[in-house]
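Worksheet for the structure shown next.
The values are calculated or read from the model by the stated rules, or taken from the named source; none is laboratory data. What you are looking at is a predicted structure, and each value in this text was computed from that prediction instead of being measured. With ideal geometry, Cβ positions are generated from the backbone for all residues, glycine too; neighbour counts draw on all protein chains shown.
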Amino acid sequence: MSYRIPLIRPYISKRVKTMINEVLDSGYLTEGPVTRQFESAVAGYTGAGHAVAFTSCTTGLETALRVLGVGPGDEVIVPDFTYPATAGAVQIVGATPVIVDVDPDTMLMTPELAEEAISASTKVIIPVSLFGLPFDHDGFTELKKKYEVWILEDAACALGSVYKGKRTGTLADISVFSFHPRKFITTGEGGMVTTDNGKWAEAMNRYKHFGMGKPGDRGELVFLTPGTNYKMSNVQAAIGLAQMEDIDNLLAERMNLAEKYTRLLEPVKSIQCPVEPEYISHSWQSYTVFVKGRDDIMRKMRNQGIEVQIGTYALHMHPAFQDGNAKLRGQFHGSIRAFEEALVLPMYHGMTSQEQTEVVEKLSECVE
Ligand SMILES: Cc1ncc(COP(=O)(O)O)c(C=O)c1O
């Protein structure tokens with residue numbers, strides 16, 4: 001179904017089309033020089049030492065876990081309120097996801113909740129910077145000092161967010177972004193891993209290129225390790241690269257739209273607007289409010305042509321993470337609240353003031 005006011009619209013500028021055409025004309029369609037440029041653009045923007053492109057955030061997370069040596073017998077702590085891919089990547093490498101609750105207001109896993117779940121088998125913690133709100137970098141850094149664990153950030157939604165002056169992509173040992181079309185920089189499908197660790201970057205690059213080592217003197221190839229194909233094509237990278245040229249403007253626009261939503265929603269007392277601590281800068285992948293009776297409101301809004309959406313999923317409710325497929329820790333009050341009450345409002349490049357006002361008017365009518 002197409003909506004009059006969609007949740008998001010991909011940013012396909014003239015420049016995006018020109019750059020795709022250049023790739024098509026070049027005949028070099030698979031991963032190549034444009035992918036390298038896109039990686040450089042993301043590394044340069046975030047300030048990370050290395051960026052490695054992937055087919056998705058999920059395959060990036062899986063590869064990062066492999067490079068960190070995670071496998072059978074290891075535990076990885078993840079939040080309950082997240083997209084299933086966060087925990088699915090852990091299962092794919094044969095390790096056990098240990099699922100903990102989230103804060104009921106920020107919807108993020110806190111260092112305290114993660115600490116309660118740490119055991120001798122914990123190897124990695126995956127905080128999720130959900131909807132563009134960066135994870136508690138200071139708190140998780142303290143945990144890293146106290147226990148022998150790596151911090152792998154699921155930054156699927158968080159390109160452009162900032163924590164105490166540091167951009168997401170530099171806040172964890174490894175961060176992984178998504179370029180799925182729900183993100184404001186999108187390559188259709190795609191992901192990017194960032195890290196300051198050159199050895200890890202090289203190992204991730206090797207894994208996604210069939211385990212291939214650097215060619216020898218005569219150009220001969222050697223396959224050093226088991227590997228797979230998680231390459232990002234030049235065609236996809238061209239879309240992302242063109243969009244990266246406009247990232248500052250796109251982000252500024254999202255910030256303005258978010259500010260306006262917060263202002264317009266101020267009088268609607270039954271709606272709780274997103275939390276924004278003063279030391280962070282939110283990248284607004286999603287503008288997510290809390291409202292009671294969310295499902296009914298969502299249906300009514302959609303019937304009027306306005307695409308609203310749930311926040312994301314509470315993993316403990318799904319068979320994939322029950323019955324020994326994961327370890328569930330706690331009662332999940334925060335996550336259940338987020339699952340039942342979080343509502344994502346439309347936000348896209350070019351959204352007009354009139355459209356935003358209409359979203360808030362219709363929402364106000366629905367909650368009354
Ligand atoms: C928090 C989170 N992690 C992981 C993913 C998976 O990203 P991808 O579709 O690029 O694999 C998503 C998707 O939206 C997500 O929201």
Name the residues in the range 274-299 that are part of a loop (DSSP other than H, G, I, E, B) and within 19 Å of Glu259 (Cα to Cα), would you? Pro274, Val275, Glu276, Pro277, Glu278, Tyr279, His282, Ser283, Trp284, Gln285, Ser286
Just a yes or no: is a residue in the range 9-19 within 16 Å of the ligand (Cβ to nearest atom) and either farther than 24 Å from Thr170 by Cα or within 24 Å of the chain's Cα centre (by Cα) (or both)? yes
Considering residues of the range 132-163 that are of a type in the set (Asp, Glu) and over 10 Å from the mean Cα position of the chain (by Cα) only, the residue nearest to the ligand (Cβ to nearest atom): Asp136
With the structure loaded, tell me whether Gly69 is modelled with pLDDT of 95 or more, closer than 22 Å to Lys144 by Cα, out of contact with any helix residue (DSSP H, G or I) (no Cβ under 8 Å at 6 or more places or on another chain) and not charged (D, E, K, R) or whether it fails that test. yes
So Val222, is it among the hydrophobic types (A, V, I, L, M, F, W, C), more than 23 Å from Gly71 (Cβ to Cβ), in contact with a Gly (Cβ under 6 Å, 6 or more places away or on another chain) and more than 16 Å from the ligand (Cβ to nearest atom): yes
I'd like to verify a number: residues in the range 227-256 that are surrounded by 15 or more Cβ atoms within 10 Å (Cβ to Cβ) and charged (D, E, K, R), how many? 4
Matching option when the condition is surrounded by fewer than 16 Cβ atoms within 10 Å (Cβ to Cβ), at pLDDT 95 or above and closer than 20 Å to Val235 by Cβ, among Gly198, Gly211, Gly188: Gly188
Total residues in the range 177-189, condition within 10 Å of the ligand (Cβ to nearest atom), touching a helix residue (DSSP H, G or I) at 6+ places or on another chain (Cβ under 9 Å) and more than 15 Å from Phe38 (Cβ to Cβ): 1
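Okay, residues lined up against (1) surrounded by 19 or more Cβ atoms within 10 Å (Cβ to Cβ); (2) in contact with a Ser or Thr (Cβ under 6 Å, 6 or more places away or on another chain); (3) not in a strand (DSSP E or B):
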position: His316; (1), (2), (3): yes, no, yes
position: Ala320; (1), (2), (3): no, no, yes
position: Asn325; (1), (2), (3): no, no, yes
position: Ser335; (1), (2), (3): yes, no, yes
position: Leu343; (1), (2), (3): yes, no, no
position: His349; (1), (2), (3): no, no, yes
position: Glu358; (1), (2), (3): no, no, yes
Thr82 being in contact with a strand residue (DSSP E or B) (Cβ under 7 Å, 6 or more places away or on another chain), closer than 23 Å to Glu202 by Cα and buried (at least 22 other Cβ atoms within 10 Å of the Cβ): no
Matching residues, the range 22-33, being of a type outside the set (Val, Ile, Thr), touching a helix residue (DSSP H, G or I) at 6+ places or on another chain (Cβ under 9 Å) and part of a helix (DSSP H, G or I): Glu22, Leu24, Ser26, Pro33
